[in-house]
1. Which residues, taken from the stretch 200-215, are in a loop (DSSP other than H, G, I, E, B) and hydrophobic (A, V, I, L, M, F, W, C)?
2. Considering the stretch 610-642 alone, what residues qualify as being under 40 Å from the mean Cα position of the chain (by Cα) and either more than 19 Å from residue 712 (Cβ to Cβ) or at pLDDT 95 or above (or both)?
3. Against the condition outside the structural domain of residue 79 (by TED's automatic domain parsing) and either more than 30 Å from residue 311 (Cβ to Cβ) or at pLDDT 95 or above (or both), how does residue 508 come out, does it pass?
4. For residues in the stretch 652-674 being in contact with a Gly (Cβ under 6 Å, 6 or more places away or on another chain) and at pLDDT below 95, which is farthest from residue 77 (Cα to Cα)?
5. Just name the residue that is farthest from residue 256 (Cα to Cα) out of those in the stretch 204-234 that are β-branched (Val, Ile, Thr) and within 16 Å of the chain's Cα centre (by Cα).
6. Restricting attention to helices (runs of 4 or more DSSP H) lying wholly within the stretch 376-440, give those where 2 or more residues are surrounded by fewer than 24 Cβ atoms within 10 Å (Cβ to Cβ).
7. Residue 726 passes all but one of (1) surrounded by fewer than 17 Cβ atoms within 10 Å (Cβ to Cβ); (2) free of Cβ contacts under 8 Å to residues at least 60 places away in the same chain; (3) over 13 Å from residue 669 (Cβ atoms); which number fails?
8. Quick check on this structure: which one of 509, 452, 448 is more than 25 Å from the chain's Cα centre (by Cα) and on the phi < 0 side of the Ramachandran plot?
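The values are calculated or read from the model by the stated rules, or taken from the named source; none is laboratory data. These numbers were taken from a predicted model, which means no experiment stands behind them. Neighbour counts run over all protein chains shown; Cβ positions are idealised from the backbone, glycine included.
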Amino acid sequence: MIKLYDSGVYLVNGEQIIADTQDATLKIKENIGKEVVKSEAKQSTIAYNILKAHNTSDNMDNLKIRFDKLTSHDITFVGIIQTARASGLTEFPMPYVLTNCHNSLCAVGGTINEDDHMFGLSCAKKYGGIYVPPHQAVIHQYAREMSAGCGKMILGSDSHTRYGALGTMAVGEGGPELVKQLLNRTYDVKLPDVVAVYLTGKPQKGVGPQDIALAIIGAVFKNGYVKNKVMEFVGDGVHNLSADTRIGIDVMTTETTCLSSIWETDDTIKEFYEIHRRPEEYAELKPGQVAYYEGMVYVDLSKIKPMIAMPFHPSNVYTIEELNTNLLDILDEVEKSALVSLSNNKNIKYTLKDKVRDGHLYVEQGEIAGCAGGGFENICDAADILKGKSTGSDEFTLNVYPSSQPVFMELVKNGSIATLMEAGATIRSAFCGPCFGAGDVPCNNGLSIRHSTRNFPNREGSKVTNGQIASVALMDARSIAATAANKGILTPATDFDINFTKPKYYFDSKIYENRVYNGYKNPKPETEIKFGPNIKDWPEMTALTDDIILKCVSEIHDPVTTTDELIPSGETSSYRSNPLGLAEFTLSRKDPLYVGRAKEVGLAEKARVNGEDIIKALPELEDVYKRIASLNIDKENTQIGSFVYAVKPGDGSAREQAASCQKVLGGFANVAKEYATKRYRSNLINWGMLPFIFPDEIPFKNGDYIVVKGIRKAITEKEDIIKAYVVGDELKEFYLSVGDLTDDEREIIADGCLINYYRNHQ
């Protein structure tokens, strides 16, 4: 089904795969009649050429990228624009789309969600942006329909910013990276490796994009095969997939932890742009005659079966057939691994085996939604499966969210919506809530099957600290519909012999023409920005001092810590325009004592900055200062902050708040064996936090203080190894590193945060 090459590969004429062995170049010469140089073949990938076209430096090893367009949603754009305003923003220099698809229900906190929307609209007017009102489209569907273009690059403040199937290299990053673009700076990154995803064959009837995506994620996530690399989709199988299928696979590449994705293009993608009335955006993209890739994921599409990602990660994959055959054994494995994700919380009685009825797995809810599931073809195929059937009147419910109003309108016109409603499904407007826990929360201990992007703990909206837990399993829309047709009994779509009608899609642009505000290249600086009472400025942040004292206030030993655990999604999203208000939720579902501990340490730093008595603010420091007296620490000029230890933090969302919330509470560092994603590490850096790496067993514990002497010098003078001390009865030496940092990143950390950096470099 899927094979991973254990070496680099050459792809010749887009078809012949030659592993990078001693005689590889000889084989290629025999094939094409000329010598091949690996370094030149690396420059023949689609990805390399797009990156080269967007690199503003003369160094292709260290890229300085300017993107063509930006996109954000209503959880992130307020903080981004506030940061940019504080840093000197006068006008959006490129098309910047502000969608309203995350906090669009306005269900939490009174007026604050709609206040954010009005803030966004007023900023689109003032600075020249594009504003998409609530319920019009989810962020990524609007970008596909209106922003993508072959050979273009888009940066988005959402981790699932992926438009590679449409020939667009897209990257999801934390908000500060968008701020850099808004201030005419660059996205700085080392030239990423490129891994080919070679697709061959044709999917079985009933197999959809989520099945293919989950199979790939299962093969590459845990081994880090594509981590921080670009996935380049090639092969004869590409041409056997519809545009919607390619899009559905592509958006899920985020869950592999790759940096970006790109696909070769053909007449199918040309037709996509023609349908969306932007034919000029099409260009044929394909690798050169001989292209070199650092690895290859070989996928035989014909062997992919309906898949399911069991709780609590998209990589926890099985075929539905395998699950049904070994039901109790697999459920037992899932329950045991879930205890790790739930930190063995004694308030939670987690079980899935209670859902076995007469030897079959029963689920309570189905969701087809968002940027992954809400596409036209997914919903049409689901309607075909459910035509003339019933979802039943028991616990099982089915909810369907078309990804945009144009998609919704066409589904109404072709009768798919009526078919689904008649079967018992409820139809909602474009909204991302089911993906991040702000819509359709299942019952306690419920199991929801979803064609959405993630199934982390609490991602469905339950609250572990309140004794609640529900589970999400990821599946394709077709198998969700098949399960709905069997009234909640888990069923692969391949069990149904369905004639998929595959109706043609017609895009009606009038919806957007009538409702979307487009102020690009027409800023109105006289516009007054509308501020709701929840929208607050970032607090002042101080520059890094020569030395630093840090207290460990949370110690997490889970194999991976997600951004959802660092700062929960769901209803907390409504508070993301208020840095201090949101910070109250930091680690609330993982370590409820964290906020209090961090605030306590933060009081000492506030006292230091204000010239007040540090010991009075935090009495335990008196003993710390005595123990570190031999280090000659200047008490009044040494920062005091907190830090979090986690084995591998930052998997999942691009949300900057996973870092900024720690910072506004007085956090100055993370210590980790490694960082799960580049974007989380970048968020730490952009908020002036030290991204320490310590690969061994830690010499400190929660509640311990560490001291790093000469930290500012180490950062600014590019020291690789940094001496630190654990403060105990004796000072215990150990050594930290911060990994590779660009010159700008070092200055950002030294200045205390990105806002300070821009103020100092205007």
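1. Within the stretch 200-215, just 207 meets the criteria.
2. Residues satisfying the conditions are 610, 614, 617, 618, 620, 621, 624, 638, 639, 640, 641, 642.
3. For residue 508, the condition - outside the structural domain of residue 79 (by TED's automatic domain parsing) and either more than 30 Å from residue 311 (Cβ to Cβ) or at pLDDT 95 or above (or both) - is met.
4. 654
5. Once the filter is applied, the top-ranked residue is 230.
6. Here the list reads 376-386, 405-413, 416-423.
7. (1)
8. After applying the criteria, what remains is 509.
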